[in-house]
Amino acid sequence: RSCAYTAGKRESGMPKYTYGFSTVGTIGPVDLGVTAKRTGPRFIFDTNQPVVTGSVGGTLTEIYPSKAPAYWLVNLDARLNMGYFAEDLDKTYLELNVYNLLDKLYVGGFGGGLTQSLNSGGTAYGSPPFVQIGAPRTVSLTVNVGF
């Protein structure tokens, strides 16, 4: 019979903090917007232990720390309003969106859980959990023509 000691530990997958900001402004025909979000470190397991490999009761090797690191995610939006140049185009604009502007490699999400699994015989630690890696820098350009 086994148990996982979680008293005084942080829940897996839940960051200690998150905060962000957003700003928008207009410079002539251009509308600019920037959003940024900081996500704090997150424990992989409820026991707050690292991911390991090896036999139960034997020598263990750490293959990943107990927490996924904190990260910033910054996005940029820019819109060129064509009505500034010709009154007939007042509903037409060109828009540029950049997601993950700084091209940060980050762990977007993971299964987490109570503790690392054991193999079917219960003699060794099982596979590490699956993670979702955050999207890389993504750029889109849109032309919106209004009538």
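Miscellaneous remarks
- Qualifying positions in the range 23-37 - under 17 Å from the mean Cα position of the chain (by Cα) and exposed (fewer than 15 other Cβ atoms within 10 Å of the Cβ): Lys37
- In the range 41-147, counting only strands (runs of 3 or more DSSP E) that sit wholly within it, the ones holding 2 or more residues that are loosely packed, with under 12 Cβ neighbours inside 10 Å span 131-133, 138-144.
- Selection status of Lys91, among the basic types (Lys, Arg), within 16 Å of the chain's Cα centre (by Cα) and over 19 Å from Glu11 (Cα atoms): no
- Pairs, first free of Cβ contacts under 8 Å to residues at least 12 places away in the same chain in the range 106-120, second assigned to a loop (DSSP other than H, G, I, E, B) and open to solvent by less than 30 Å² (accessible area, probe 1.4 Å), C-beta under 6 Å, six or more apart: Ser117/Gly126; Asn119/Gly126
- Number of positions in the range 1-22 that are farther than 17 Å from Ala68 by Cα, at pLDDT below 95 and either assigned to a strand (DSSP E or B) or open to solvent by 50 Å² or more (accessible area, probe 1.4 Å) (or both): 7
- Remark: pairs (first residue in the range 1-22, on the phi > 0 side of the Ramachandran plot; second residue in a strand (DSSP E or B); Cβ separation under 6 Å; 6+ apart in sequence or on different chains) = Gly13/Arg42.
The values are calculated or read from the model by the stated rules, or taken from the named source; none is laboratory data. Model, not experiment: these values are computed from the prediction. All Cβ positions, even for glycine, are placed from backbone atoms using ideal geometry, and neighbour counts span all protein chains on display. All accessible areas refer to the heavy atoms of the entire protein, side chains included, with ligands and DNA or RNA removed. Shrake-Rupley method; radii C 1.70, N 1.55, O 1.52, S 1.80 Å.
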